[in-house]
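Below is one structure; the comments refer to it alone.
The values are calculated or read from the model by the stated rules, or taken from the named source; none is laboratory data. Small disclaimer: the values here were computed from a predicted structure and weren't measured. Here Cβ is always computed from backbone atoms with ideal geometry, including for glycine, and neighbour counts include all displayed protein chains. Ligands, DNA and RNA are excluded from the accessible area calculation, which covers all protein heavy atoms including side chains. Shrake-Rupley method; radii C 1.70, N 1.55, O 1.52, S 1.80 Å.
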Amino acid sequence: MADNSANQTIARNNAHVLFTSDAIYFAVEDETDGRVTSSIHIDTDGSPRSVSARFFEHPELALPYADTTIYIDYGGSYCVVPESFLSQGIPPTAWLGDISAETQVMESPAADRQYGVFYTVPRAVHEFCERSFSLQTYRHPITSLLSSAAAYSRQSNPRTLIALVDTPTMDLVYYQDDRLMLANRYSIQDEVDALYFISAAWRHFELVGAQDHLALFGRDTALPERVRALLSESVSQVSVNDYAAFGAKRTVLPDLPPLLQFRLLCV
C-alpha cells in the first residue's frame, strides 16, 4: 500500500530539472495546486562525467513524474524568433551563427506560441538527458520570464525593463504595450557592466526615469542592490526580486535561480 501511495504521488507531480555549467537544480511541483513540494541544488563542474555522477546520487530526479521539463542553460546566447518566421524554413544558423559539432541546436516554443527560442546546449549533456529521462520536454528557461513579462506589461506597467543580473551573464527583457521589444543576454563581470547595458537599453527605448519601471532580479539581492544604487539618481522606479509583482502567490525558493523561480512561482 505504501508503494502504491508513493507511485500515485509521483504520478500527480511535475518535475523541473535545470542543468547549468556549475549545478543541477531540481524541483517537484504538485500538479493539483502548483505547490513546490521539494527542491534540490546539486553542485557539479558542468562536465558530462560530473553531471552523470552527481545525478545518479539522487535517484528521485529520474522518477516517472506526470511531466518532466528539462532546462539546459550553460550561459550561451539564444535568439527569440517571431512565430511568422518559424514556418519559413530558415536554418538555425541564421539565428545562432556558427554551430560547433559539440553543441545541439534546440527550439523552445513560448507558452503563447507567438515566438520560439533557438539556443544551443552541450551535445553530451543533451544525450545524457535523452538516456536518463522518459517522456521529457525541453524548454529554455527564458520562456518563463517572457511569459511573466508579457502578463506584467498587459496588467500592471506597459513599460518595464527587466534585468536578471547574475554574473557572468545578464538577461534583459523589455515589453512595450504588450509587444516584445528586447530579449537578449549579455556578458558581465560586475554591477558596472550591468549598468552599461541597462542604461543603453533605457536610452534606446526612451524610458523616463521618474515614470517607467526597472525590475531587477538576482540569486540574492546583493548584486541587484548595487546596480540600483548606481541608478539611484536617474531611475526612481526600481524593484529588486519582487516576484509578487509578477504574479507569484507562493514563497520564493532560495536555492533556485531566478529563471526557474519565474516558472515555478509566476507562470
What percent antiparallel are the DSSP beta bridges of the chain, to the nearest 5? 70
Per residue Cα convex hull volume in Å³ - calculated over the chain: 136
Spacing of the two label points (7 Å from each Cα toward its C-beta) at C79 and E60, in nm: 4.0
Residue separation times 0.36 nm, minus the C-alpha to C-alpha distance between A245 and Q155: what's the value? 31.4 nm
What number results when the radius of gyration of segment 169-262, computed over Cα atoms, is divided by 2.2 N^0.38 Å? 1.07
Summing -39500 (n - 2.57) over every DSSP H run of at least 4 in the chain, dividing by its residue total and rounding to the nearest 500, the 222 nm mean residue ellipticity is -8000 deg cm²/dmol
What share of Cα pairs, in percent, lie more than 13 angstrom apart in segment 48-104? 76
Just to be sure I understand: with springs between alpha-carbon atoms less than 10 Å apart, which residue in M181, M106, M170 has the highest mean-square fluctuation in the Gaussian network model of the chain? M181
Compute the Rg to Rh ratio over segment 65-133 from the alpha carbon atoms, using the Kirkwood formula for Rh, and round to two decimal places. 0.99
S21 versus D45: modelled label distance in nm, points set 7 Å from Cα along the beta carbon direction: 1.5
In debye to the nearest 20, the charge dipole size for the chain, taken about the Cα centre with +1 at each Lys and Arg Cβ and -1 at each Asp and Glu Cβ, equals 380
Size-normalised alpha-carbon gyration radius of segment 126-173, reference 2.2 N^0.38 Å: 1.60
The answer for GluC sites (Glu not before Pro) in segment 15-116 that fall in a DSSP coil and have at most 15 neighbouring Cβ atoms within 10 Å is E31, E57, E102
Would you work out which of V235, Q211, L259 lies farthest towards the positive end of the dipole of segment 174-267? Charges go on Cβ: Lys and Arg +1, Asp and Glu -1. L259
From most to least accessible, 1.4 Å probe, no ligand or DNA/RNA atoms counted, F26, F197 line up as F197, F26
Rounded to the nearest Å, the spacing of the alpha-carbon centers of segment 229-267 and segment 83-161 is 21
